[in-house]
């Protein structure tokens with residue numbers, strides 16, 4: 001394991017920038033605010049949670065990736081809860097934060113570097129959908145963005161991913 005904990009997964013299939021992964025269950029703390037459709041205040045709110053703004057008043061280690069689920073209503077950002085806390089996850093003080101179990105499952109993933117913006121994300125989602133169609137996978141969830149690096153990381157070294165839960169077309 002590197003400097004930061006990441007969710008456990010097993011790569012089932014890999015082809016170029018695409019992977020099919022089986023993820024184990026893990027927990028997230030998710031920012032949900034209908035008044036903040038694009039989660040502009042999400043990172044700061046989540047960061048305060050791991051910096052002791054929780055009912056146990058404890059610091060929680062940063063994990064990667066930071067997830068953003070994209071839906072027709074907007075975006076929800078989430079941090080992964082470190083496994084050391086799974087038996088007793090500190091409750092958030094902020095009512096906009098919710099603890100959720102991220103259910104195990106199979107996900108199709110496309111990995112890319114550089115900065116990530118709307119146009120690039122739409123292009124990558126299209127590439128991922130085309131690849132899934134070609135390989136017989138059906139989209140079974142919203143798309144999720146996964147960011148692995150801080151904003152000061154030079155773009156060419158950044159690891160970004162778009163993932164989606166999949167099922168077979170059978």
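The values are calculated or read from the model by the stated rules, or taken from the named source; none is laboratory data. As the structure is a prediction and not an experimental result, all values here were calculated from the model. Because the Cβ atoms are built from the backbone with ideal geometry, glycine has one as well, and the counts that use them run over all protein chains shown.
Each row is one residue, and each column tells you yes or no for (1) out of contact with any helix residue (DSSP H, G or I) (no Cβ under 6 Å at 6 or more places or on another chain); (2) modelled with pLDDT of 95 or more; (3) closer than 22 Å to residue 50 by Cα.
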residue	(1), (2), (3)
77	no, yes, yes
86	yes, yes, yes
99	yes, yes, yes
104	yes, yes, no
111	yes, yes, no
117	yes, no, no
Just a yes or no: is a residue in the stretch 86-105 outside any loop (DSSP other than H, G, I, E, B), crowded, with 19+ Cβ neighbours inside 10 Å and more than 14 Å from the chain's Cα centre (by Cα)?
yes
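One line per residue, one yes/no per condition, for (1) under 16 Å from the mean Cα position of the chain (by Cα); (2) surrounded by fewer than 17 Cβ atoms within 10 Å (Cβ to Cβ); (3) on the phi < 0 side of the Ramachandran plot; (4) modelled with pLDDT of 95 or more:
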residue: 114; (1), (2), (3), (4): no, yes, no, no
residue: 124; (1), (2), (3), (4): yes, no, yes, yes
residue: 132; (1), (2), (3), (4): no, no, yes, yes
residue: 139; (1), (2), (3), (4): no, yes, yes, yes
residue: 150; (1), (2), (3), (4): yes, yes, yes, no
residue: 167; (1), (2), (3), (4): no, yes, yes, no
Can you work out which of the residues in the stretch 49-84 that are touching a residue at least 40 places away in the same chain (Cβ under 8 Å) and in a helix (DSSP H, G or I) is nearest to residue 118 (Cα to Cα)?
49
Residue match in the stretch 14-32 (condition: modelled with pLDDT under 95, more than 23 Å from residue 105 (Cβ to Cβ) and outside the structural domain of residue 150 (by TED's automatic domain parsing))
no
Flagged pairs (Cβ under 9 angstrom, 6 or more apart or on separate chains; first in the stretch 35-48, touching a residue at least 12 places away in the same chain (Cβ under 8 Å) and outside the structural domain of residue 63 (by TED's automatic domain parsing); second in a helix (DSSP H, G or I) and surrounded by 12 or more Cβ atoms within 10 Å (Cβ to Cβ)) are none
